[in-house]
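Undergrad: The structure follows.
The values are calculated or read from the model by the stated rules, or taken from the named source; none is laboratory data. Computed from a predicted model, the values in this text were never measured in an experiment. So basically every Cβ, Gly included, is an ideal-geometry build from the backbone, and we count neighbours across all protein chains shown.
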Amino acid sequence: MDHREINRAAWNSEVGKRNYWTIPVDAEAIDRARQGCPMIHLTPIRYMPISWLEETGKRTLLLGGGGGQQGPLLAAYGKSVTTVDISEEQLEGDRLVAEREELDIRTVRCDMRELDFLQSGEMELVICPQAINFIDGTEKLYDEVARVLAKGGVFILSFANPALYLFDVKSLERGRMKIRYTLPFNAETSLSERQRERIAREKGTMEYSHTLSSLIGSLLEKGFVLSAMYTDGSDFEPVDSYLSDCHIALRLIRV
């Protein structure tokens, strides 16, 4: 059971369901970005500070960021954007907005850990919004980011607080916080075979919480320096009433 193919099918399906992360931005949002105010979501509620884009180069790589949201906004802001996503339907969202707004966005369908088509040091800014929770390890991704990002370049990423993966999803939907899983959560080992088969059948996602050491510590070990961060809620009251820091966004510099 290949988690990559399951997640590709899941996100293709989510486009049809109008998942929040699959709805392309409108012309008004593009106009604001052209005027220097790109309102970019890395997490469900808060916008990324515009200051995070200051002193970043033009060549931008967006990892797992299809859906017609961050990519088009960055392109309208003046960045030269390459969007990588495993979902062809998500990439179609970027192409739709690019054609509508006459933006130049390169789209590549592949696993975001497989960046052989890029040269070392080719990118000046890399952004990975929320996608890290859908891959089974951070090491290969971070190695590739370090390789393709020029010295002094900026890496921005966001992810779910690992603590969220303690809880039973069905109980959460009923407003009950029921601890069910140990951490780090790994869909391939934390779930039963029957649960995994159901995820594949119903086009759900295979997810991974990772440890804080693998999410943050390994980046510091690779020579990245943390320059800023913020946290955000989930926009789901039963969860937010217990845990305010549901999502975390980081800005790092490759030194």
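Undergrad: Among the residues of the stretch 144-156, is any surrounded by fewer than 18 Cβ atoms within 10 Å (Cβ to Cβ), at pLDDT 95 or above and of a type outside the set (Gly, Ala, Ser)?
TA: Yes: one or more hits.
Undergrad: Still on this structure: Return the residues of the stretch 113-129 that are under 16 Å from His3 (Cβ atoms) and either of a type outside the set (Lys, Arg) or over 16 Å from the mean Cα position of the chain (by Cα) (or both); say none if nothing qualifies.
TA: Kept after step one, since they are under 16 Å from His3 (Cβ atoms), are these residues of the stretch 113-129: 113-114.
Across the stretch 113-129, the qualifying residue is only Glu114.
Undergrad: Taking the stretch 71-112 as the region of interest, how many residues are among the basic types (Lys, Arg), free of Cβ contacts under 8 Å to residues at least 40 places away in the same chain and buried (at least 22 other Cβ atoms within 10 Å of the Cβ)? So that I can check it myself, show each step before the final result.
TA: First, the residues of the stretch 71-112 that are among the basic types (Lys, Arg): 79, 95, 100, 106, 109.
With free of Cβ contacts under 8 Å to residues at least 40 places away in the same chain added as a condition, the list becomes 95, 106, 109.
From the residues that got through so far, the ones that are buried (at least 22 other Cβ atoms within 10 Å of the Cβ) too are none.
The qualifying residues number 0.
Undergrad: Please specify each residue of the stretch 1-53 satisfying the condition of being on the phi > 0 side of the Ramachandran plot and either in contact with an Asp or Glu (Cβ under 6 Å, 6 or more places away or on another chain) or of a type in the set (D, E, K, R) (or both).
TA: Matches in the stretch 1-53: Arg18 only.
Here is a yes/no grid of residues against (1) under 15 Å from the mean Cα position of the chain (by Cα); (2) of a type in the set (Gly, Ala, Ser):
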{"residue": "Met206", "(1), (2)": "yes, no"}
{"residue": "Ser209", "(1), (2)": "yes, yes"}
{"residue": "Ser218", "(1), (2)": "no, yes"}
{"residue": "Gly223", "(1), (2)": "no, yes"}
{"residue": "Phe236", "(1), (2)": "no, no"}
{"residue": "Cys246", "(1), (2)": "yes, no"}
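Undergrad: Which pairs do you get when a residue that is more than 18 Å from Ile132 (Cα to Cα), found in the stretch 184-196, comes within reach of a residue that is aliphatic (A, V, I, L, M), reach meaning Cβ atoms under 9 angstrom, with the pair 6+ apart or on two chains?
TA: These pairs meet every condition: Leu191/Ile199; Leu191/Met206; Glu193/Met1; Gln195/Ala187; Arg196/Met1; Arg196/Ile6; Arg196/Ala187; Arg196/Met206.
Undergrad: Further, regarding this structure: Of all residues in the stretch 197-249, which are of a type in the set (S, T, N, Q), touching an Asp or Glu at 6+ places or on another chain (Cβ under 9 Å) and in a helix (DSSP H, G or I)?
TA: If the condition is that a residue be of a type in the set (S, T, N, Q), touching an Asp or Glu at 6+ places or on another chain (Cβ under 9 Å) and in a helix (DSSP H, G or I), then Ser214, Ser218 are the ones that fit.
Undergrad: Within the stretch 10-20, does at least one residue satisfy the condition of being touching a Leu at 6+ places or on another chain (Cβ under 9 Å) and either part of a loop (DSSP other than H, G, I, E, B) or at pLDDT below 95 (or both)?
TA: No; the residues of the stretch 10-20 include none that is touching a Leu at 6+ places or on another chain (Cβ under 9 Å) and either part of a loop (DSSP other than H, G, I, E, B) or at pLDDT below 95 (or both).
Undergrad: Let me ask something else about it. Name the one entry in Gly67, Gly71 that is in contact with a Ser or Thr (Cβ under 8 Å, 6 or more places away or on another chain) and assigned to a loop (DSSP other than H, G, I, E, B).
TA: Details: Gly71 fails: assigned to a loop (DSSP other than H, G, I, E, B).
Being in contact with a Ser or Thr (Cβ under 8 Å, 6 or more places away or on another chain) and assigned to a loop (DSSP other than H, G, I, E, B) holds for just one of Gly67, Gly71, which is Gly67.
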